[in-house]
Amino acid sequence: MADAAQISPIQDFIVSAIFDYTVVVDNYETFLIGIWNTITLVALSLLFGGLLAVPLAVFRAERHPIFSPLIWCYTYLFRGTPLLIQTFLIYYGLGQFEVIRDSFAWPVLREAYWCALIAFSLNSAAYQTEIFRGAIEATPFGEVEAAKASGMSRLTMMRRIILPSAFRRALPAYSNEVIFMLHGSVIASTVTVVDILGAGRTVNAKYYIYLEGFLAAAILYLTLVFLISRGFKLWEKHWHAHLRPRSAASPAE
Amino acid sequence: MRFTKLAQSVISGAVLAGALAIGIGTAQAADLRIGVEGAYPPFSEKTASGELIGFDIDIANALCEKMGVTCELVEQDWDGIIPALQAKKYDAIVASMSITEDRKKVVDFTKKYYNTPAKFAAKDGMFSDDSPAAMAGKRIGVQRGTIHDDFLTSVYKDSEIVRYATQDEVYLDITAGRIDAMLADSLAIDEGFLKTDAGKGYSFFGADHSEVEYFGEGAGIAIRKGEDELREKLNDAIDAIRADGTYDKIQAKYFDFDIYGG
């Protein structure tokens with residue numbers, strides 16, 4: 001837009017009618033903030049969600065008489081309601097109560113970023129719990145039997161045999177969860193966080209345009225998804241190396 | 001209970017959308033479609049039943065009546081309100097849009113239909129001065145893409161500007177204490193917040209802001225560029241409702257003073 005005076009009206013029309021990339025370039029700092037916020041939000045919510053999900057999944061898979069139904073309720077609730085509502089309830093809903101505004105938790109809940117992180121972590125924990133539970137339950141019985149036969153305690157068996165083998169099985173489903181979380185993270189922009197979509201919206205609002213900010217954001221998300229799926233492919237190659245057919249040329253891999 | 005109100009408007013919006021979807025097959029095409037916002041009380045808001053009410057809504061209807069055309073009001077979120085006009089989702093915007101040089105680059109405006117200053121508001125006694133120095137490091141809430149956003153972004157460089165999609169959300173967060181102050185049209189803040197239960201304990205501070213450079217010459221009706229015939233018809237209609245007392249009658253419904261400005 002700044003250079004509009006230097007190019008001819010026809011060029012200006014074509015450029016601005018299709019995609020005025022200069023508004024994106026001029027606002028790269030906003031997009032950098034957006035990329036940082038999106039990546040940290042997604043990474044941290046997957047991390048916190050995962051830390052919560054592993055013990056929950058174990059309790060679920062073991063069919064613990066008290067915890068298992070409670071955990072079922074939790075995952076049902078968070079998988080059964082839209083992430084947008086969960087985020088609004090935590091951000092606008094909790095902020096409405098004076099008790100909460102006066103409590104020790106307010107310095108955290110006051111920040112839109114933390115509210116989004118809490119909502120995303122709880123949501124992701126619910127999905128990850130079910131992913132890991134399924135993977136644990138699918139442990140081949142032979143592995144469990146062998147572990148029992150060599151005298152492992154239940155805890156050792158869980159740590160050495162069941163969980164490592166479950167994580168490998170869970171990996172493809174887990175990569176879907178990561179991409180789902182990335183796409184879900186745009187919800188942060190509805191509670192004032194400047195994530196990638198938020199950056200696009202800020203730029204749109206600044207110039208009264210619609211296409212440029214959204215298109216730039218879409219390209220950034222596509223790039224991130226590309227990197228994530230490449231990363232998981234490499235990870236799977238590494239973790240599932242024992243499942244690959246051995247090639248005759250290099251038997252000693 | 002601002003949250004309940006938000007929830008209500010979400011629900012009534014969904015119901016309305018459903019009703020519209022069913023009605024599409026039978027709806028008569030209106031002569032003129034007008035874009036309105038629906039989340040900027042008292043100018044434009046929705047009742048619990050999903051009906052649009054407010055000063056902008058009444059003005060839009062009065063203008064249509066004067067022009068002798070049937071109108072359809074189309075609700076649109078603020079940050080897409082100009083792009084949707086360009087995309088011909090409607091033909092005119094009656095949504096308290098200030099006439100500014102930046103906007104004139106992309107749309108044409110009628111003459112103003114009201115002009116009120118912008119003002120800061122915060123908790124009683126929190127600020128006494130609205131200079132950029134006094135507000136440095138503070139969080140100021142504003143609706144994204146408004147003249148108030150432009151003004152804050154350009155002038156209050158040392159404050160943290162928190163941008164919201166609707167003015168209602170700014171009110172929610174100032175009561176929650178997430179932002180220290182807010183800037184918006186003084187009338188919108190007064191009628192939409194300070195005079196409500198949620199606004200108890202909050203007040204205006206600082207000067208009236210009407211710097212033409214940022215705030216323009218008042219609120220006008222935006223139309224697509226080059227549609228001079230429509231603009232002249234709307235201008236004539238504005239003159240007509242000003243002259244025959246319709247404007248004053250509508251104004252009296254919402255305000256106890258003159259908002260047309262000098």
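Taking every Cα atom in region B:42-93, find the radius of gyration and the maximum pairwise distance Dmax, and write them in Å.
11.7, 31
For B:Y114, enumerate residues with amide H under 5 Å from its amide H, sequence gap 5+ or separate chain, H modeled in the peptide plane.
Those lying under 5 Å, H to H, from B:Y114 are B:A219.
Of B:Q251, B:Q76, B:Q167, which is the most mobile in a GNM of chain B whose springs link Cα atoms less than 10 angstrom apart?
B:Q251
What 222 nm value per residue comes from the helices of chain B, counting each DSSP H run with n ≥ 4 as -39,500 (n - 2.57) and dividing by all residues, nearest 500 deg cm²/dmol?
-10500 deg cm²/dmol
What shape does chain B take by its C-alpha gyration tensor, where a ≥ b ≥ c are the square roots of the eigenvalues and a/c under 1.5 counts as rounded, a/b above b/c as prolate, and the rest as oblate?
prolate
In Å², and per residue, what accessible area does chain B have when probed at 1.4 Å with the other protein chains present?
Each residue of chain B exposes 43 Å² on average to a 1.4 Å probe.
Just how many % of Cα pairs in region B:33-167 lie over 27 Å apart, if you round to the nearest whole percent?
28 percent
Output the direction-averaged projected area (hull surface divided by four) of the convex hull of the alpha-carbon atoms of region A:99-253, in nm².
Projected area, direction-averaged: 15.3 nm².
Please compute the Kirkwood hydrodynamic radius over region A:182-243, one decimal place, Å, based on all pairs of different Cα atoms.
13.2 Å
Taking each residue in B:73-83, count the Cβ atoms of any other chain within 10 Å of its Cβ, then average. What number comes out?
2
Is the C-alpha gyration tensor of region B:166-242 telling us rounded, prolate or oblate? Criteria: a/c under 1.5 is rounded; beyond that, a/b larger than b/c is prolate, otherwise oblate.
prolate
Applying a 10 Å radius around every beta-carbon, put B:58-68, A:121-131, B:79-89 in order of their mean neighbour count, most first.
A:121-131, B:58-68, B:79-89
For A:I136, tell me the accessible area in Å² from a 1.4 Å probe, rounded to the nearest 10.
Spelled out: A:I136, probe radius 1.4 Å, area about 20 Å².
Step through the residues of region B:34-39 one at a time and calculate ³J(HN,Hα) from phi using the Karplus curve (6.51 cos²θ - 1.76 cosθ + 1.60, θ = phi - 60°), rounding each to whole Hz and writing x for Gly and Pro.
Residue by residue, region B:34-39 yields 10, x, 10, 9, x, 9 Hz.
Taking Cα centroids, how far is region B:186-262 from region A:56-99 in Å?
A separation of 46 Å, based on Cα centres.
When the Kirkwood radius is taken over all Cα pairs of region B:118-215, what Stokes-Einstein diffusion coefficient follows at 4 °C and 1.567 mPa s, in µm²/s?
So the translational diffusion coefficient is about 99 µm²/s.
Taking the Cα-to-Cβ direction at A:W239 and at A:D26 and moving 7 Å from each Cα, how far apart do the two end points lie in nm?
Rounded to a tenth, the inter-label distance reads 4.6 nm.
Which ³J(HN,Hα) values in Hz, rounded to whole numbers, follow from the phi angles of region B:139-151 under the Karplus curve 6.51 cos²θ - 1.76 cosθ + 1.60, where θ = phi - 60° and Gly and Pro get x?
9, 10, x, 7, 7, 4, x, 9, 4, 5, 4, 4, 4
Tell me, what HN-Hα J-couplings in whole Hz come from the Karplus equation 6.51 cos²θ - 1.76 cosθ + 1.60 at θ = phi - 60° for each residue of region B:156-161, using x for Gly and Pro?
Per-residue couplings from phi come out as 9, 5, 9, 9, 8, 8 Hz.
What does the structure give for A:90-100 when I average, per residue, the other chain Cβ atoms found within 10 Å of the residue Cβ?
Per residue, the average neighbour count from other chains is 4.
For helix A:112-137, what angle does its Cα long axis make with the longest principal axis of chain A, in degrees from 0 to 90 and rounded to 10?
30 degrees
Could you give the angle, 0 to 90 degrees to the nearest 10, between helix A:211-239's Cα long axis and the longest principal axis of the Cα atoms of chain A?
With both axes taken from Cα atoms, the answer is about 20 degrees.
When N counts the residues of region B:117-159, how does its alpha-carbon radius of gyration compare numerically with 2.2 N^0.38 Å, as a ratio?
1.12
Return the distance in nm (one decimal) between the two label points of a simple spin-label model at B:Y260 and A:D102, each offset 7 Å from Cα along Cα→Cβ.
Taking the simple label geometry, B:Y260 and A:D102 are separated by 5.0 nm.
Mind listing the long-range amide H neighbours of B:Y40? Cut-off is under 5 Å, sequence gap 5 or more, other chains count too, H placed in the peptide plane at 1.01 Å from N.
Under 5 Å from the amide H of B:Y40: B:E45.
Only Cα pairs within less than 10 Å get springs; with that Gaussian network setup on chain B, which residue of B:A237, B:A95, B:A30 has the largest fluctuation?
B:A30
Enter the accessible area of B:S203 (Å², nearest 10), with the probe set to 1.4 Å and all protein chains included.
40 Å²
Kindly identify residues of region B:177-197 having a loss of at least 10 Å² in accessible area between the isolated chain and the assembly of all protein chains, probe radius 1.4 Å.
B:G177, B:R178, B:D180
Over all distinct Cα pairs, what is the inverse of the mean 1/r for the protein assembly as shown, reported as the Kirkwood hydrodynamic radius in Å?
After inverting the pairwise mean of 1/r, the radius is 26.2 Å.
Only Lys, Arg, Asp and Glu count, each charged at its Cβ (+1, +1, -1, -1), so figure out the dipole size of region B:214-255 about its Cα centre, rounded to 20 debye.
So the dipole magnitude of region B:214-255 works out to roughly 240 debye.
Among B:I223, B:G50, B:V69, which residue has its Cα positioned farthest towards the positive end of the charge dipole of chain B, with +1 placed on the Cβ of Lys and Arg, -1 on the Cβ of Asp and Glu, and the dipole taken about the Cα centre?
B:G50
For B:T70, A:T192, A:T81, give the ranking by accessible area with the largest first, probe 1.4 Å.
Greatest to least solvent exposure: B:T70, A:T81, A:T192.
Hey, what angle do you get for helix A:67-80 against the long axis of chain A, alpha-carbon based, 0 to 90 degrees rounded to 10?
20 degrees
Across peptide A:203-211, what mean number of C-beta atoms from other chains lies inside 10 Å of a residue's C-beta?
6
The values are calculated or read from the model by the stated rules, or taken from the named source; none is laboratory data. Values in this document were obtained by computation on a predicted structure and should not be read as measured data. When we count neighbours, we look across all protein chains shown, and the Cβ atoms used for this are built from the backbone with ideal geometry, even at glycine. Quick note on the areas: whole protein, heavy atoms, side chains included, nothing else; ligands and nucleic acids left out. Shrake-Rupley method; radii C 1.70, N 1.55, O 1.52, S 1.80 Å.
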